[in-house]
Amino acid sequence: MPRSIMKRTVRAGMALLAFVVTGVAFTPGRTASPSIDPAQSAARPWPVVVHAQMARLGSIEFALRRAAGDSCEERSAAIGVRIDSLQAYPPGDRGAVRQLTGLGDLPQVVAVAPGSPAARAGVQAGDEIAAVNGESVSAIEARIDEPSLIADALEEAIADTRSDAPLVLELRRAGKPWQAQPEPMHLCAARFILKTGEGLVAYSGGTDVAISDKLVEFARNDDELAVFAAHELAHVLAKDGKTRSLRERRAMEDRADILGVELMRCAGYDPVRGMDIWRRYNARDLLRWFRDGTHRNVPDRIARMTAHLGSSPGSCPPPVPQLPASI
């Protein structure tokens with residue numbers, strides 16, 4: 001569902017996070033993604049859990065953005081990394097975060113998407129970033145309003161790399177400097193943001209897609225998580241925004257359902273397996289009969305998506321369907 005998203009990642013709201021359950025990062029592929037054992041995840045310290053969530057969401061983001069192909073008008077450079085910084089955490093938490101995650105004085109790569117330009121260039125989780133395209137981390141910190149958002153600023157610097165320009169990362173691995181030159185892919189200009197304290201929700205606004213930590217926790221595998229992520233990315237591709245009527249809003253949601261499962265199919269996820277999350281969500285939603293009419297009920301949505309997958313061979317990248325002319 002399109003809505004306004006605050007420009008803040010999970011790191012800025014970490015003090016609100018008391019307890020999270022999630023799985024480790026998995027590789028999206030042509031085979032079924034592994035299931036997640038919440039009991040094992042619950043035993044891990046929250047900083048480790050958050051990094052696992054960032055890694056998992058980052059892999060799904062890269063796969064879906066790549067699957068969007070020419071369907072997206074706005075593009076940005078992507079190398080498939082997620083970055084974190086010790087400065088993003090409250091001072092009282094930094095000692096524990098440093099010990100549990102290995103974050104140090106420099107921002108650090110916490111996840112590399114499989115098959116991404118960063119992975120091909122040899123970048124690994126744990127690599128510290130000293131400079132991007134010759135601009136040092138300290139110089140980047142000096143020009144941003146909030147130093148705690150240095151990780152976001154580094155990701156934005158990478159995203160702003162021109163298609164005709166190289167990308168050079170000055171890195172540190174186990175204290176030793178080295179240089180990586182990943183060749184960015186210019187993909188759909190969408191950014192997936194992990195949000196805290198918002199229940200089982202996913203929403204989009206502009207080029208941002210927000211996924212709550214509780215939804216990441218609720219998804220038993222990456223196929224399930226990709227159902228929500230792809231639906232919201234579909235809103236971004238279609239440039240959905242304010243509507244004139246309830247009928248138009250429902251048509252947008254219907255379109256996002258269909259385009260979402262097409263994006264999943266092109267990215268190598270299993271939409272049919274993924275829709276199990278909707279069944280579990282519907283079973284626990286005690287207020288489902290009182291929801292507004294912007295969305296069809298869950299059984300109808302599942303039936304429409306399943307019928308579409310069975311009747312359409314699909315094409316990659318998937319085109320953005322037009323809304324009915326009668327609206």
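Which condition from (1) surrounded by fewer than 20 Cβ atoms within 10 Å (Cβ to Cβ); (2) under 22 Å from the mean Cα position of the chain (by Cα) is the one that ASP105 breaks?
(2)
List every residue pair whose Cβ atoms lie under 8 Å apart, where the two residues are 6 or more positions apart in sequence or sit on different chains, the first residue falls within region 265-281 and is over 15 Å from SER59 (Cβ atoms), and the second residue, located anywhere, is among the basic types (Lys, Arg).
Pairs that qualify, where the first residue is over 15 Å from SER59 (Cβ atoms) and the partner is among the basic types (Lys, Arg), are PRO271/ARG265; ASP276/ARG220; ILE277/ARG220; TRP278/ARG301.
Given the condition at pLDDT 50 or above and buried (at least 23 other Cβ atoms within 10 Å of the Cβ), answer yes or no: does some residue in region 2-23 qualify?
no
Of all residues in region 215-248, how many are of a type in the set (A, V, I, L, M), over 21 Å from CYS72 (Cα atoms) and either assigned to a helix (DSSP H, G or I) or touching an Asp or Glu at 6+ places or on another chain (Cβ under 9 Å) (or both)?
The number of residues fulfilling the criteria is 4.
Listed here are the residues, each with its yes/no results for (1) closer than 25 Å to SER163 by Cα; (2) at pLDDT 95 or above; (3) part of a loop (DSSP other than H, G, I, E, B).
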{"site": "ARG30", "(1), (2), (3)": "no, no, yes"}
{"site": "ALA39", "(1), (2), (3)": "no, no, no"}
{"site": "MET54", "(1), (2), (3)": "no, yes, no"}
{"site": "ILE60", "(1), (2), (3)": "yes, yes, no"}
{"site": "ARG65", "(1), (2), (3)": "yes, yes, no"}
{"site": "ASP70", "(1), (2), (3)": "yes, no, no"}
{"site": "ARG82", "(1), (2), (3)": "yes, yes, no"}
{"site": "LEU103", "(1), (2), (3)": "no, yes, yes"}
{"site": "LEU106", "(1), (2), (3)": "no, yes, yes"}
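Quick test for you: out of ALA139, ALA165, ALA130, pick the one residue that is farther than 28 Å from SER204 by Cβ, modelled with pLDDT under 95 and surrounded by fewer than 22 Cβ atoms within 10 Å (Cβ to Cβ).
After ruling out the rest, the residue left standing is ALA165.
Which residue, of LEU187, LEU149, LEU167, is under 30 Å from SER71 (Cα atoms), in contact (Cβ under 8 Å) with a residue 60 or more places away in the chain and not in a loop (DSSP other than H, G, I, E, B)?
Within the list LEU187, LEU149, LEU167, the selection yields LEU187.
The values are calculated or read from the model by the stated rules, or taken from the named source; none is laboratory data. As the structure is a computational prediction, the values presented were derived from the model and not from experiment. Cβ: placed from backbone, ideal geometry, glycine included. Neighbour counts: every protein chain shown.
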